[in-house]
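So the structure is just underneath, and the comments pick up after that.
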Amino acid sequence: MTVLVGYLPTARGEAAFAAALEEARRRGEDLVVLNTPRSGASVSTDAVGDEAVSGLRSRAAEAGIPLHVRRQAHEGDAADELLRVADEVDASVVVIALRRRSSVGKLLMGSTAQRVLLAATRPVLAVRAPAAH
Amino acid sequence: MDQLTPVLQGFAVVLEPQNLLYCLVGVVVGMLIGVLPGLGPAATIAVLLPLTIGLEPVTSVIMLAGIFYGAQYGGTITSVLLRLPGEASSVVTVFDGYAMACQGRAGKALGIAAIGSFVGGTVSIVALSFVAPVVASFALDFGPPEYTALALLGILLVATVSGGGRVKALAAACVGLLLATVGRDGFTGAQRFTFGDLNLADGIDFVPIAMGLFGLGEILHALEERHRRVQAPPTLTRVWPDRADMRQASGAIGRGSVIGFVLGILPGGGAVLSSLAAYALEKRRSKTPERFGKGAIEGVAAPETANNAAATSSFIPLLTLGIPANATMAVIFGALLVQGVTPGPRLVDEDPELFWGVINSMYVGNILLLIMSIPMVGIFVRVLQVRGAILAPITVMVTLVGVYTVRSSVFDIGLVVAFGVLGYLMKKAGFDPGPLVLAFVLGSLLESNLRRSLLLFDGDPTGFLTRPISGVLFAAFAVVVLLPLTTRLLRGRRGGPRDDDRSGGRPDTKELV
């Protein structure tokens, strides 16, 4: 069993990673970080660079938690990819970040977090980033 | 002073606000598509051909030339920052450019590439200004037999050096020659391969072929490459080349300019081959060849200088002989024909404004390139965030609408689709569409000159060999055909290693990413 976290290089992603690290220590399980930008473009702001990954690794090493980083682009929906990986690594809990979205934005773009919450068959830990200001 | 007057008038043409604007547009578009992998300068110029119809001939060629040399620099940006060559001519830059970026010297690599491009381009233009009129006056003596020989040599050279194997390139060139024969025979008026269709009676237009093979074909092929790694946006360290870097790279820039200029003139040479050659030369000359591939600044400076120099000098055969040296030049040749301008040795006297206007616009374009290159890197990298699924349909629509506007013919749209499918299949099977397009352009030139010379010689083909210029050209033709055969035979007898690496030719951008 592992703890799976959906990670993006943002403040929300950081909050989710911190919570997932804590959760992995509490459960005594490995931590799997999934960073999945949408495929089709060569560059995406959702993708994590090599330096950021080594930062995550050193934080996990400090906490004494084995860390597996998965960086793979997805086709279609990010929520489906997260849940597919959750099944693959047999996650005991899935950690995701939430953000406030206007209702119009939600209508247009949908909410990945909502889809994960509704479709997941495992426990989901939803984290909100601390207010920036 | 008399010779200088048309040159100065050329500057007057360039400095007209409209021409300056289109020079800027061309350079910016060129850099943008240079950044995008999968869409090369030939494809972009083909897609934008219809836009140029409403413009003055000189303005349209200024813009198309800007696209060509702008693309040479744009490809550098992604090669250095992302290890993703946007253009085939920037493939070798990846080795040292990306290594430099990993060491936090990306700014130095981009800076030296910009400086090298500027120097290479400018050296090439200066040489072009002096060489082109001489070649043109020499070419005035050329008759039909000489043009026959030149066209044959051009097709053969392009087929020899193009990527994807010699036999495949020759096959593509033969298809191009066949397509050129469709339509009315210029001498007897007989209909050939028209199947009684009025749309084919005047032959196949160049525009749909170029737009289909390069434009649509490349888009279809690029769409297929889906599972590419998605990278984080690179951060550019603001460290510029200092005096020591300049001293280290100056030799490479000088040699790159010369190699680029010389190889650019040769048919089939062009930017891709010259960047490879310049890199190889620097590596061989260097006292410390082991530094190459690990962030040697010469490894960035040499190919980037050479590809810009070659992009410039490849205008010489087009503007003075009327023979395009590579696929991109073939498309620009087509653009000139659409405008009603026939490039050839008489161009410099008959239309000095166009001749010198285009050449002098490259000075301005190179300065624009140098100014814009570094500050706008961030913007160009953002372009890569656009997904292919959004970019491709827009490009296809622009292509199809564009081809319709040329002759208001639905038949042409069908042709673009047909050639797009052909181009896609060719790319999948490892055929380069370049030789096909080039052979198509040169095909009508070859045919009319061949038949005209046979009329001159009363049907005696030995006439080709007894005239000095055409005799030399045919001798060169024989050497190009026989040399690879004999070397292979000799090697086969000695049982040495087979000459396989040459047939690979141009490394495909796909292999590196």
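Derivation of every value follows stated rules applied to the coordinates shown; laboratory data play no part. Worth saying up front: this structure is predicted, and the values here are computed from it rather than measured. We place every Cβ from the backbone using ideal geometry, glycine too, and count neighbours over all the protein chains shown.
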* Asked: Computed FRET efficiency, Cβ-Cβ of B:ARG387 and B:ASP141, R0 60 Å: what is it to the nearest 0.05?
  -> 0.65
* How big is the Rg/Rh ratio for chain A, C-alpha atoms only, Rh by Kirkwood, two decimals? -> 0.94
* Structure fact -> The Cα extents of the protein assembly as shown along the principal axes, largest first and rounded to whole Å, are 96, 64, 62
* Structure fact -> Reduced to Cα centres, the span from the range B:229-247 to the range A:59-90 in Å works out to 32 Å
* Asked: If one takes the longest principal axis of the Cα atoms in chain A, at what angle in degrees, from 0 to 90 and to the nearest 10, does the Cα axis of helix A:78-88 lie?
  -> 30 degrees
* Asked: Around A:PRO9, with a cut-off of 13 angstrom between Cβ atoms, what is the net charge of the other residues, counting Lys and Arg +1 and Asp and Glu -1?
  -> -2
* Asked: Quick one: Cα centre-to-centre distance for the range B:420-444 and the range B:272-330, in angstrom?
  -> 24 Å
* At what distance in angstrom do the alpha carbon centres of the range B:22-59 and the range B:76-147 lie from each other? -> 17 Å
* Structure fact -> Taking a crude spin-label model, label points 7 Å out from Cα along the C-beta direction, the A:ALA126 to B:ALA190 distance in nm is 7.9 nm
* To do: Please figure out what share of the DSSP beta bridges in the protein assembly as shown is antiparallel and state it in percent, rounded to the nearest 5.
  => 10 percent
* To do: Any chance you could give the angle, 0 to 90 degrees and rounded to 10, that helix A:50-63 forms with the longest Cα principal axis of chain A?
  => 50 degrees
* Give me the Kirkwood hydrodynamic radius of the range B:63-103 in Å, from all C-alpha pairs, to one decimal place? -> 10.0 Å
* To do: Express the relative contact order of the range A:2-128 as a whole percentage, based on alpha carbon pairs under 8 Å and six or more residues apart in sequence.
  => 33 percent
* To do: Please express the shape of the range B:1-65 as an equivalent ellipsoid: the semi-axes are the square roots of 5 times the eigenvalues of the C-alpha gyration tensor, given largest first in whole angstrom.
  => 27, 12, 10
* Arranged by the count of other C-beta atoms within 10 angstrom, fewest first, what order do A:SER39, A:SER54, B:SER89 take? -> A:SER54, A:SER39, B:SER89
* Taking every pair of Cα atoms in the range A:1-74, average 1/r, invert it to obtain the Kirkwood radius, and report Rg/Rh to two decimals. => 0.97
* Would you compute the Debye intensity of the range B:436-492 from its alpha-carbon atoms alone, equal scatterers and no solvent, and pass along log10 I(q)/I(0) at q = 0.23 Å⁻¹ to two decimals? => -0.97
* Relative contact order of the range B:4-512: what whole-number percent is it, with Cα pairs under 8 angstrom and at least 6 residues apart? -> 29 percent
* Structure fact -> Rounded to the nearest 10 degrees, the helix B:468-494 long axis (Cα) sits at an angle to the longest Cα principal axis of chain B of 60 degrees
* Helix-derived [θ] at 222 nm for chain B: sum -39500 (n - 2.57) over DSSP H runs of at least 4, divide by residue count, nearest 500? -> -22500 deg cm²/dmol
* Asked: Percentage of Cα-Cα pair distances in the range B:372-415 greater than 14 Å, rounded to whole percent?
  -> 63 percent
* To do: Please list the non-local residues whose amide H lies under 5 Å from the amide H of A:VAL32, H modeled 1.01 Å from N, same-chain partners needing a gap of 5 or more.
  => A:VAL3, A:LEU4, A:VAL5, A:HIS68
* Asked: Debye sum, Cα scatterers, the range B:364-442, no solvent: what log₁₀ I/I(0) at q = 0.11, 0.24, 0.25 1/Å?
  -> -0.53, -1.05, -1.08
* Asked: Among the lysines, which have Cα under 16 Å from the Cα of B:LYS168 when same-chain residues fewer than 8 positions away are ignored?
  -> B:LYS427, B:LYS428
* Where does chain B land on Rg/Rh, using Cα atoms and the Kirkwood Rh? -> 0.96
* Asked: Which semi-axes, in whole Å and largest first, does the equivalent ellipsoid of the range B:320-391 have when worked out from the alpha carbon gyration tensor as the square roots of 5 times its eigenvalues?
  -> 33, 18, 9
* Asked: For B:LYS108, which lysines qualify as cross-link partners when the Cα separation must be under 24 Å and same-chain residues fewer than eight apart are set aside?
  -> B:LYS283, B:LYS287, B:LYS294
* To do: Taking the Cα atoms of the range B:1-137, report the difference between the largest and smallest coordinate on each principal axis, in whole Å and largest first.
  => 53, 35, 27
* Taking H placed 1.01 Å from N in the peptide plane, check which residues at least 5 places from B:GLN231 or on another chain put their amide H under 5 Å from its amide H. => A:VAL43, A:SER44
* To do: Note the full-extension length gain between B:LYS294 and B:ILE53 as 0.36 nm times their separation in residues minus their Cα-Cα distance, in nm to one decimal.
  => 82.1 nm
* Tally the DSSP beta bridges in the range A:2-128 and give the antiparallel ones as a percent, rounded to 5. => 0 percent
